[in-house]
Ligand SMILES: Cc1cc2nc3c(=O)[nH]c(=O)nc-3n(C[C@H](O)[C@H](O)[C@H](O)COP(=O)(O)OP(=O)(O)OC[C@H]3O[C@@H](n4cnc5c(N)ncnc54)[C@H](O)[C@@H]3O)c2cc1C
């Protein structure tokens with residue numbers, strides 16, 4: 001019998017797992033896909049918001065500001081790509097400037113530190129490539145950019161190292177209530193548990209329905225993006241937002257944690273929960289809106305277009321707490337933006353909720369962090385040489401765009417608790433295939449490494465989700 005079972009291996013589920021791993025209880029995490037960080041967590045803007053946007057006295061406001069602080073500590077300890085670049089909300093007229101003052105006041109109420117209202121001259125001094133039509137900005141120095149899936153994976157590694165069991169390919173399909181506990185069916189196995197945390201993102205209302213506790217509805221909203229090569233990194237220095245509207249934070253132009261430039265997203269409602277296709281219309285809208293921010297974006301430098309799905313709900317705030325309809329069933333649902341920024345704070349808060357629900361926990365004394373990630377490209381020449389002497393695999397570059405070595409790939413395969421089995425799983429952990437060629441060159445070599453490591457046939461290797469085979473037919477045989 002598990003004390004707590006978390007459903008969903010996104011940034012919220014893994015943050016909760018990380019905090020639970022500090023206590024002497026039996027926990028597991030069930031993820032329907034073949035890897036963690038594969039839902040909304042993998043396709044978003046990657047902004048650690050400062051926290052001036054949510055309405056004061058909401059969960060979003062409180063958890064965003066706290067999450068932003070917690071992320072700064074985590075990225076340092078676990079060597080997660082992150083840059084504290086600050087954010088600007090830019091104005092184009094007096095109406096926008098009124099809006100900036102409102103956001104400033106909201107930020108003060110939410111406890112955001114260091115904000116400044118900049119005039120046109122101050123703004124263009126910091127961001128010379130913005131449109132000359134700008135009239136000022138709200139600057140928030142505590143905002144940053146993070147690699148969202150690396151944050152999620154690091155938290156899962158911490159959790160797994162400290163005893164949380166992570167089960168992949170485990171889609172929850174039924175939940176039965178028996179004598180005050182639950183029996184969960186997932187991936188043809190059954191799990192008995194005293195408490196459930198529903199962190200199933202876009203599918204969290206369906207999970208709530210399984211226990212007869214669906215009192216909210218998820219309304220997916222798609223956002224499409226361009227991702228520009230690092231050659232465009234001169235464009236902006238900080239995250240540049242236009243004034244937010246009812247539909248969301250609008251189209252941004254921002255550096256990413258890896259030094260690319262991201263442009264997007266739009267906001268489309270009425271999507272299927274698994275439709276992450278991009279469209280000409282959606283991307284054209286993004287380009288048109290971004291042109292108001294700066295005319296200097298060169299879309300020939302685009303290396304990838306992608307889309308993510310927001311788990312918006314029929315409630316204004318995050319839905320976090322014990323369900324009023326089912327005891328010991330805790331929803332962590334409707335986690336729209338700033339969900340990524342808030343995730344560690346959500347994890348911390350869920351501990352409080354579980355204690356209020358009667359779960360008795362005491363802190364472990366032997367809780368530790370796993371080894372931080374090694375990123376060869378970030379090392380000094382001396383450190384690189386030293387590492388190559390210790391293990392010659394670090395001298396074999398697999399991904400030329402991002403200088404990812406065979407040593408890093410094997411380190412992940414050998415030592416990570418939640419092991420990647422796909423090309424994208426390796427990408428999410430090492431940064432391979434994320435450069436200009438997008439896996440065109442290194443993909444074949446990583447494919448080969450996966451075959452050797454797992455002793456599997458080439459035609460069984462997956463690019464990403466189940467079914468995404470790379471090779472059609474039998475390798476070595478001629479197909480008619
Ligand atoms: C376009 C866009 C831009 C965004 N930008 C930002 C931003 O810049 N900053 C920010 O703070 N936030 C941002 N967000 C929001 C942020 O990405 C999300 O709040 C966050 O990723 C949600 O994480 P999650 O763990 O709740 O959901 P998910 O990452 O979706 O995780 C849920 C998991 O549950 C699993 N699951 C579903 N059903 C089942 C089942 N039956 N059994 C087992 N597992 C199941 C899924 O496979 C998935 O892995 C953005 C979102 C989008 C879409």
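Since every read-out is calculated from the coordinates, none of them should be taken as a lab result. In this text, all values refer to a predicted model and were calculated from it rather than measured experimentally. Every residue, glycine among them, receives a Cβ derived from its backbone with ideal geometry; neighbour counts consider all protein chains shown.
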Q: Rank by packing, highest mean first: peptides 338-348, 172-182, 397-407, with packing defined as the count of other Cβ atoms within 10 Å averaged across residues.
A: 338-348, 397-407, 172-182
Q.
Semi-axes of the equivalent ellipsoid for the stretch 376-460, please: Cα gyration tensor eigenvalues, times 5, square-rooted, ordered largest first, whole Å.
A. 21, 15, 11
Q. For the stretch 245-290 and the stretch 104-125, what is the separation of their Cα centres, given in Å?
A. 25 Å
Q.
Taking only the Cα atoms of the stretch 1-54, how large is their convex hull per residue, in Å³?
A. 111 Å³
Q | Over the chain, relative contact order from alpha-carbon pairs under 8 Å, at least 6 apart, % | A | 19 percent
Q | For the stretch 135-229, alpha-carbon Rg over 2.2 N^0.38 Å | A | 1.51
Q: Express in whole angstrom the spacing between the alpha-carbon centres of the stretch 11-75 and the stretch 430-480.
A: 31 Å
Q. From a point 7 Å beyond the Cα of residue 1 in the direction of its Cβ, which residues of the stretch 155-188 have a backbone N at a distance under 12 Å?
A. 178-183
Q) Working out 0.36 nm times the residue gap between residue 192 and residue 417, then minus their Cα-Cα distance, what length gain in nm do you get to one decimal? A) 78.7 nm
Q: Provide the packing ranking of 111-124, 418-431, 37-50, 358-371, i.e. peptides ordered by the mean count of other C-beta atoms within 10 Å per residue, highest first.
A: 37-50, 418-431, 111-124, 358-371
**Q.** Among 93-102, 149-158, the order from most to least packed when residues are scored by Cβ within 10 Å on average
**A.** 149-158, 93-102
Q) Per Stokes-Einstein, at 37 °C and 0.692 mPa s, what whole-number D in µm² s⁻¹ belongs to the stretch 314-469, with the Kirkwood radius over Cα pairs as the hydrodynamic radius? A) 173 µm²/s
Q) By the gyration tensor of its Cα atoms, with a ≥ b ≥ c the square roots of the eigenvalues, what is the shape of the stretch 295-372: rounded for a/c under 1.5, prolate for a/b over b/c, or oblate? A) oblate
Q) What are the semi-axes of the equivalent ellipsoid for the stretch 30-156, taken as the square roots of 5 times the Cα gyration tensor eigenvalues, largest first, in whole Å? A) 30, 17, 13
Q. How long are the semi-axes of the ellipsoid equivalent to the chain, from square roots of 5 times the Cα gyration tensor eigenvalues, in whole Å, largest first?
A. 33, 31, 22
**Q.** the stretch 71-131 - Kirkwood radius from inverse mean 1/r over Cα pairs (Å)
**A.** 13.8 Å
Q) Each label point is 7 Å from the Cα along the Cα-to-Cβ direction; what then is the distance between the points at residue 116 and residue 98, in nm? A) 2.7 nm
Q. Mean 1/r over all different Cα pairs, inverted: what Kirkwood radius does the stretch 245-396 give, in Å?
A. 20.4 Å
